[in-house]
1. Translational D (Stokes-Einstein, µm²/s) of the stretch 42-120 at 10 °C and 1.306 mPa s when Rh comes from the Kirkwood sum over C-alpha pairs?
2. What's the center-to-center distance, using Cα atoms, between the stretch 208-237 and the stretch 75-133 in Å?
3. Can you order the peptides 122-133, 199-210 by their average number of other Cβ atoms within 10 Å per residue, highest first?
4. Bin width 5 Å, origin at 0, all Cα-Cα pairs of the stretch 153-215: what percent of pairs per bin?
5. Looking only at Cα atoms, what is the convex hull volume of the stretch 92-206 per residue, in Å³?
6. How much length is gained on full extension from residue 242 to residue 179, taking 0.36 nm per residue of separation minus their Cα-Cα distance?
7. Using a Förster distance of 25 angstrom, determine the FRET efficiency expected from the C-beta separation of residue 225 and residue 172, and round it to 0.05.
8. On a full-extension model of 0.36 nm per residue, what is the gain between residue 252 and residue 98, subtracting their alpha-carbon distance, rounded to one decimal in nm?
């Protein structure tokens, strides 16, 4: 099931919800709108002629709103998430200048943009005259239909191999480069279950991406205990870069039996 909400940027919220079963049949539910008052006065002509919703400026209302499709990659994985788009609705009710402000990845951002480009609105009004407004569109992709268990479902059920595979996919997705927390969380879960390649990958992550040498050393040491290839060499390399204090901290945490 997918739900979409239209949120007026910064100053007002205009949610619009559409639901659909993502298989062969798409069924839309009625839309609704709720406007919160704006703190902007909109008393003068804004720069570029683009207003915000509120204080005399009504919200644009979607009148043609085709649903976005799941990307093939996301559908196969059972991947879900929310992306946010920013756009301008012009005086003709056409969406312009669409850009992603919060990506979800796995090809879903592109699918959201493709759909929103086709939307048509009753334009915003000020003093009885159509005006252009800037808004944000939140597109939420969720699957509630019966389907084969995907990688995401296996990972959420605690399968360490699925967690590690999913982590690799998420961490390699360019759209998620600025927020890798979701991929890291799955990789850490796999590593804490004692999956050696996940432990080694955690060492690589903390040493290469974040330069947090204590964490990297600990994870390489965990992988080395499970005789994972190259982990001893990488632990030695990181250890040579560490200060005596960092090395002492890492070894103390390892000796404690609860390094995390």
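1. Numbers: Rh = 14.2 Å.
It diffuses with D of about 111 µm²/s by this estimate.
2. Cα centroid of the stretch 208-237 versus Cα centroid of the stretch 75-133: 44 Å apart.
3. On the way: 122-133: 16.8, 199-210: 19.9.
Top to bottom by mean Cβ count within 10 Å: 199-210, 122-133.
4. Distribution as computed: 4, 21, 29, 26, 14, 5, 1 percent.
5. On the way: hull volume 15.4 nm³, N = 115.
Here the figure is 134 Å³ per residue.
6. Full extension from residue 242 to residue 179 adds 20.0 nm.
7. On the way: r = 27 Å, r/R0 = 1.08.
My answer for the efficiency is 0.40.
8. 50.3 nm
Computed from the coordinates by the stated procedures, all read-outs in this text should not be read as laboratory data. All of these numbers come straight from a predicted model, not from anything done at the bench. Neighbour counts are summed over all protein chains in view; Cβ atoms, including those assigned to glycine, are modelled from backbone coordinates with ideal geometry.
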